[in-house]
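Trainee: My questions all concern the structure below.
The values are calculated or read from the model by the stated rules, or taken from the named source; none is laboratory data. Keep in mind that what you see is a predicted model, and the values were worked out from it rather than measured. Backbone-built Cβ (ideal geometry, glycine too); neighbour counts: all protein chains shown. With ligands, DNA and RNA removed, areas are computed over all heavy atoms of the protein, side chains included. Shrake-Rupley method; radii C 1.70, N 1.55, O 1.52, S 1.80 Å.
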Amino acid sequence: MKILSIGTDRKLFEEGSVVRARMIEYGKLFGERHIIVFNTESKPTTKISENVFVYSTDSSSKFFYILDAIRLGKKILCSGDFQLTCQDPFETGLAGWWLAKKFKIPLELQIHTDIGSSYFTSLKLGWWLASLNFFRFRLAKFLLPRADKIRVVSSRIKNFIITSFKIADNKIEVRPIKI
């Protein structure tokens, strides 16, 4: 099985990082794992293990992350039968949703943050981050019902999604991150 992941963790490009070690371990569970990372720095495609590859979007600005991830994803997905997972139901999820629709493949969205918390959109974060998270919450409300599978890191997040977004229990899996 081949997996395409879309995420934001730039530590994947650093030798010896914990994130990189975790992805190498995850790679042992699949035939191939390809990871697109939102990034404004130019990084070459990196083979971090025998079957795990990391790609930088090399975006000229954060505003182009989604389009650049789609561009890269189209090239990768043309090379075989893939499953698609995205780090969040926000910007990475939007890129993933578009690719999943185009290539007619299953989409898994992951949620690592408590979007149901009142602090997620609180002005205590500052007006910019509160506004951004308000937009992200709306994006999650659009994308989560369209995902084939949702992975969350806690039962609290699962319960919030079931009650707030009316998503079926069997579509959501609680799986904490391995450290």
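Rundown of residues vs (1) open to solvent by 50 Å² or more (accessible area, probe 1.4 Å); (2) at pLDDT below 95; (3) of a type in the set (Val, Ile, Thr), yes/no style:
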site: Ile48; (1), (2), (3): no, yes, yes
site: Asn51; (1), (2), (3): no, yes, no
site: Ile66; (1), (2), (3): no, no, yes
site: Trp98; (1), (2), (3): yes, no, no
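Trainee: While we're looking at this one, here's another question. From Ile105, Ile115, grab the single residue that is touching a Phe, Trp or Tyr at 6+ places or on another chain (Cβ under 7 Å), at pLDDT below 95, hydrophobic (A, V, I, L, M, F, W, C) and farther than 20 Å from Phe63 by Cα.
Mentor: After applying the criteria, what remains is Ile115.
Trainee: Shifting gears a bit: Being farther than 24 Å from Leu109 by Cβ, at pLDDT 90 or above, over 13 Å from the mean Cα position of the chain (by Cα) and surrounded by fewer than 20 Cβ atoms within 10 Å (Cβ to Cβ) narrows it down to one residue among Glu15, Glu32; which is it?
Mentor: Every option except Glu15 fails the conditions.
Trainee: Next question. Are any residues in the stretch 101-137 touching a residue at least 40 places away in the same chain (Cβ under 8 Å) and either under 21 Å from Met1 (Cα atoms) or open to solvent by less than 50 Å² (accessible area, probe 1.4 Å) (or both), and if so, which ones?
Mentor: Answer for the stretch 101-137, where residues must be touching a residue at least 40 places away in the same chain (Cβ under 8 Å) and either under 21 Å from Met1 (Cα atoms) or open to solvent by less than 50 Å² (accessible area, probe 1.4 Å) (or both): Pro106, Leu107, Glu108, Leu109, Gln110, Ile111, Asp114, Ile115, Gly116.
Trainee: Does Asp58 count as of a type in the set (D, E, K, R), surrounded by 22 or more Cβ atoms within 10 Å (Cβ to Cβ) and over 22 Å from Lys104 (Cβ atoms)?
Mentor: No, not satisfied.
Trainee: Could I ask something else about it? Consider only pairs whose beta carbons are under 9 Å apart and that are at least six residues apart or on different chains; among these, list those whose first residue lies in the stretch 7-26 and is under 10 Å from Val54 (Cβ atoms) and whose second residue is in a helix (DSSP H, G or I) and of a type in the set (Phe, Trp, Tyr).
Mentor: Arg20/Phe13
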